[in-house]
1. Show the residue pairs meeting these rules: Cβ distance below 6 Å; 6+ apart or different chains; first residue within the range B:173-185 and within 13 Å of chain A (Cβ to nearest Cβ); second residue near DNA strand C (Cβ under 10 Å from one of its atoms).
2. Which condition number does residue B:87 fail, the rest of (1) touching a helix residue (DSSP H, G or I) at 6+ places or on another chain (Cβ under 6 Å); (2) at pLDDT below 95; (3) of a type in the set (D, E, K, R); (4) farther than 19 Å from residue B:136 by Cα being met?
3. Taking the conditions exactly as written (in contact (Cβ under 8 Å) with a residue 40 or more places away in the chain and either crowded, with 17+ Cβ neighbours inside 10 Å or away from chain B (no Cβ under 13 Å) (or both)), does residue A:74 satisfy them or not?
4. Looking only at the range B:159-182, which residues are part of a helix (DSSP H, G or I), near DNA strand D (Cβ under 9 Å from one of its atoms) and in contact with a Lys or Arg (Cβ under 8 Å, 6 or more places away or on another chain)?
5. How many of the residues in the range B:131-181 are of a type in the set (Gly, Ala, Ser) and exposed (fewer than 15 other Cβ atoms within 10 Å of the Cβ)?
6. If residue B:69 passes every condition in (1) modelled with pLDDT of 95 or more; (2) not in a strand (DSSP E or B) but one, which one does it miss?
7. Keeping to the range B:131-152, report how many residues are at the interface with chain A (Cβ under 10 Å from one of its Cβ atoms) and either farther than 26 Å from residue B:86 by Cα or of a type in the set (Phe, Trp, Tyr) (or both).
Protein chains: 2
Amino acid sequence: MSNFEAFFDYIQKISGKLLSEDDKHLLTAHFKPRKLRKRQYFLQEGDVCKYIGFIVKGSARTFTVDEKGHEHILKLSVENWWLTDFESFYRLTPSRFNIEALEELEILQSTNAEIEEFLKHILAFSAMSNVISQNNTIAAQKRMQAINYSAEERYEELVSNYPHFLQRFPQNMIASYLGLSSETLSRIKKNALK
Amino acid sequence: MSNFEAFFDYIQKISGKLLSEDDKHLLTAHFKPRKLRKRQYFLQEGDVCKYIGFIVKGSARTFTVDEKGHEHILKLSVENWWLTDFESFYRLTPSRFNIEALEELEILQSTNAEIEEFLKHILAFSAMSNVISQNNTIAAQKRMQAINYSAEERYEELVSNYPHFLQRFPQNMIASYLGLSSETLSRIKKNALK
DNA sequence: CTGCATTTTTGATTTAAATCATCACTTTAA
DNA sequence: TTAAAGTGATGATTTAAATCAAAAATGCAG
């Protein structure tokens, strides 16, 4: 199934190691293909996030709803990204987040217990996990700096890091992701053209 | 050496695994004790962060200096925390950060190449590394939410997560860590008393 | 204990960004 | 095909927090 080919390529590329035929069979046996329609929820606030999904096609947003009923997007996810609430997934605690498909979404999903097995038995998988952990740690460091950035600076950072997001997601989603009102983002874009 | 006892305890506690005598010898042979005086730099902007340090005693701050010459604290670190710029340390790229001792600082330090060896040969060490990665990923998720928090909310979050920081660090450092001016923090504290 | 540094508090003013309101335009759905 | 909902732009107003300025409190080195 071509879904899995992209997945295998991804693992091999990130880890720098090859998957054996046995590895591939093990992954194919335990990662379940799943489709979600636009607006469908992968995770709802209050539920334990039992699954982690590898995005084959489509996109999703992770968001919270505050006391005033306002939504705040924490993450926008696209192809070849992992989809989960790591805290809830690792610790089996109820999630504070919602994860919703923004477009028709195709994922390969698995459970915590299965992931533990892959880590133990598939060399490329655990190497990939380490690389992703490093990347996450680095991304976290960068994110921490964002507190001190102005609206313009946060926008500029997005433009340079994820330029394709601007085409792919509506402006109000981008604004929410940047922690801005959509009016402010609209004005920033106008000024940026000059 | 009692320095190492605390370090071993930490590894065993976090990993949930025991260190063998061989493991301990390997760690003792490669982690070098080092002392830094107050105000001394562990890392300067522009340098590659060659070391990772485990804090035995004391505290440090990780900060950047912006174009206007203003300092922004990204991280405050205390006993039993790791001290490094992970991006620079993992990727061997010049760092954008400064790391400075805030108090007399005692660490056990090691290099990237040595850490790789520990990960390969010491089961408890690699288990610890995985747990820390999970924690980092979760912390990163939480930090991302901070963008949407008001000054008060960020302060309240600090109070509940790291209450001892308030005793240990001067208020202007806390303010910088929260991304606030020290005047604003002073006013928040006054209001919070009511 | 004393005098100077640093840190914290307090007040007045400015500024960046949110909010509120409206309009135009485009999808989506009935 | 028409209404309804979603999206984006723009202007007026409000608000949270920064900045500027100066006084009080604290901490130390001699």
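1. Sorted first by the residue in the range B:173-185, then by its partner, the pairs are B:175/B:182; B:175/B:185.
2. The failed condition is (4).
3. On the way: in contact (Cβ under 8 Å) with a residue 40 or more places away in the chain: yes; either crowded, with 17+ Cβ neighbours inside 10 Å or away from chain B (no Cβ under 13 Å) (or both): yes.
Here the answer is yes, as residue A:74 does meet what is asked.
4. Let us first name the residues in the range B:159-182 that are part of a helix (DSSP H, G or I), namely B:159-161, B:163-168, B:171-178, B:182.
Then drop every residue that is not near DNA strand D (Cβ under 9 Å from one of its atoms), which leaves B:175, B:178, B:182.
If the condition is that a residue be part of a helix (DSSP H, G or I), near DNA strand D (Cβ under 9 Å from one of its atoms) and in contact with a Lys or Arg (Cβ under 8 Å, 6 or more places away or on another chain), then B:178 is the only one that fits.
5. At the first step, the residues of the range B:131-181 found to be of a type in the set (Gly, Ala, Ser) are B:133, B:139-140, B:146, B:150-151, B:160, B:175-176, B:179, B:181.
Right, trim to exposed (fewer than 15 other Cβ atoms within 10 Å of the Cβ) and you get B:150, B:160, B:181.
Total satisfying the criteria: 3.
6. Failing condition for residue B:69: (1).
7. As a first pass, look at the range B:131-152 and keep what is at the interface with chain A (Cβ under 10 Å from one of its Cβ atoms): B:131-149.
Of the ones still in play, those that are also either farther than 26 Å from residue B:86 by Cα or of a type in the set (Phe, Trp, Tyr) (or both) are B:149.
Residues in the range B:131-152 being at the interface with chain A (Cβ under 10 Å from one of its Cβ atoms) and either farther than 26 Å from residue B:86 by Cα or of a type in the set (Phe, Trp, Tyr) (or both): 1 in total.
Yes or no, residue by residue, for (1) assigned to a helix (DSSP H, G or I); (2) more than 13 Å from DNA strand C (Cβ to nearest atom); (3) at pLDDT below 95:
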residue: B:114; (1), (2), (3): yes, yes, no
residue: B:140; (1), (2), (3): yes, yes, yes
residue: B:145; (1), (2), (3): yes, yes, yes
residue: B:184; (1), (2), (3): yes, no, no
residue: B:187; (1), (2), (3): yes, no, no
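The values are calculated or read from the model by the stated rules, or taken from the named source; none is laboratory data. None of the values given here were measured: they were computed from a predicted structure. Every residue, glycine among them, receives a Cβ derived from its backbone with ideal geometry; neighbour counts consider all protein chains shown.
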